Amino acid sequence: MTWQLSSLTWPHSAASIQTQAETVTAEVGNAAAQAAGQLDAVAGKVTFQRHPLSTEAEALLGLRAELDALLQSGTVLTVSQYMHQIGSELQSGRYLNPQQAVNHLAGKLRDQVDAHRPNGELYGIAVMLTASQLSEFAQRLTELTSVFNLPDWCQVARFTTALTTNEQTKLHQPAAIVQPRFKPAAALNAQPLRVASSSMGTQLATLESLADDKTTVIGKLATLATKRAQRLAGVSDQLNALKSLQGSVWSMSLSGHPHSMATMLAASTVPGNHPYTIASLLLSDQPLTFFEELLC
């Protein structure tokens, strides 16, 4: 086999697909215009009725506003032993007990230098997880973040999980990969194939839609009704699955100005003196109804 110099030529396979597709798609506009004219001729003879559940559904349209009210904007303040100037660093690792965590949160609420500190009347929820052993801390964090996935908590969960496996994996040294590296298999859709695939895909989608007329309108409506029922049943099952919560945390509901919330935090009784702790403050200028019902 030898290398040969070749000029780029538009592939016959792609041209064939386009030519065959356009024998039908080129007539779509005329056919649609004729169909529209037929519908206009009988438009005055057709009446439509509302869905039998339409009135009941209209009476519940206010539920959208209730759902939107649960999605409040706010800020989350988190402390953990792995943050700079937060935990105590020893040769055996980093540690943070509940009292230190509360002190850091209360101190931050009083930090007037931070331009992003929220001001005014606030609603807040303090959340804390603490454990005496690193493995227990990692396990409880992993379990909790599967349903309560605050980004900072997820990061600490991944880090602590990695620390618990370091003893088994730190002496393992994988073989170096020879360069260059293989990339994961994917569609070879470089130009001009990418544009050709997109454009001809539109033509083929039109053909598939036209061919789907072998199913009558009544049959399509029946299929749509079945899909809708299955989709709603699946959504209901998904919501019910979310109710099966696992894990537990220490929590406390707060309200007031930042300084008063800091005072309440500092005066609170902390849960134990375990060396592994993560704590967060969820703050908003609107009531955190969902999180209060979830955590408190």
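The number of residues in region 111-142 being β-branched (Val, Ile, Thr), out of contact with any Phe, Trp or Tyr (no Cβ under 6 Å at 6 or more places or on another chain) and not in a loop (DSSP other than H, G, I, E, B) comes to 3. Cβ-Cβ distances below 9 Å connect the following pairs, each with a first residue in region 206-226 that is more than 22 Å from Gln18 (Cα to Cα), a second residue that is modelled with pLDDT of 85 or more, and a separation of six or more residues or different chains: Thr215/Thr223.
Filter region 282-296 down to the residues that are farther than 16 Å from Ala106 by Cβ and buried (at least 17 other Cβ atoms within 10 Å of the Cβ) and list them by number. Please lay out each step first, then the result.
Of all residues in region 282-296, those farther than 16 Å from Ala106 by Cβ come to 284-296.
Correct list: Ser284, Leu288, Phe291, Leu295.
Here is a yes/no grid of residues against (1) closer than 30 Å to Leu105 by Cα; (2) hydroxyl-bearing (Ser, Thr, Tyr):
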{"site": "Thr216", "(1), (2)": "no, yes"}
{"site": "Gly219", "(1), (2)": "no, no"}
{"site": "Ala222", "(1), (2)": "no, no"}
{"site": "Arg228", "(1), (2)": "no, no"}
{"site": "Arg231", "(1), (2)": "no, no"}
{"site": "Gly247", "(1), (2)": "yes, no"}
{"site": "His259", "(1), (2)": "yes, no"}
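The residues of region 190-226 that are polar (S, T, N, Q), surrounded by 10 or more Cβ atoms within 10 Å (Cβ to Cβ) and part of a loop (DSSP other than H, G, I, E, B) amount to a single one, Thr215. When you look at Lys170, is it under 30 Å from Ile278 (Cα atoms) and surrounded by 14 or more Cβ atoms within 10 Å (Cβ to Cβ), yes or no? For Lys170, the condition - under 30 Å from Ile278 (Cα atoms) and surrounded by 14 or more Cβ atoms within 10 Å (Cβ to Cβ) - is not met. Does Ala126 satisfy being buried (at least 16 other Cβ atoms within 10 Å of the Cβ) and under 26 Å from Asn166 (Cα atoms)? The answer is no for Ala126.
Remark: Ala157 matches the filter, which requires a residue to be closer than 30 Å to Leu96 by Cβ, at pLDDT 85 or above and not basic (Lys, Arg). All conditions but one from (1) within 32 Å of the chain's Cα centre (by Cα); (2) surrounded by 10 or more Cβ atoms within 10 Å (Cβ to Cβ); (3) in contact (Cβ under 8 Å) with a residue 12 or more places away in the chain apply to Leu232; the one that does not is (3).
Within region 238-264, the set of residues being of a type outside the set (A, V, I, L, M), assigned to a helix (DSSP H, G or I) and surrounded by 10 or more Cβ atoms within 10 Å (Cβ to Cβ) comprises Pro258, His259, Ser260, Thr263. Only one entry in Thr145, Thr161 is closer than 28 Å to Thr75 by Cβ, in contact with a Cys (Cβ under 7 Å, 6 or more places away or on another chain) and free of Cβ contacts under 8 Å to residues at least 60 places away in the same chain, namely Thr145.
The set of residues from region 193-223 being aliphatic (A, V, I, L, M) and under 19 Å from Ser13 (Cα atoms) comprises Leu193, Val195, Ala196, Met200, Leu204, Ala205, Leu207. When Gln49, Gln99, Gln91 are screened for being over 27 Å from Trp153 (Cβ atoms), over 32 Å from the mean Cα position of the chain (by Cα) and of a type outside the set (Ser, Thr, Tyr), only Gln49 passes.
Only a single criterion out of (1) within 24 Å of Phe137 (Cα to Cα); (2) within 23 Å of the chain's Cα centre (by Cα); (3) surrounded by fewer than 17 Cβ atoms within 10 Å (Cβ to Cβ) is not satisfied by Ala279, namely (3).
The values are calculated or read from the model by the stated rules, or taken from the named source; none is laboratory data. What you see is a predicted model; the values in this text were computed from it and never measured. We place every Cβ from the backbone using ideal geometry, glycine too, and count neighbours over all the protein chains shown.
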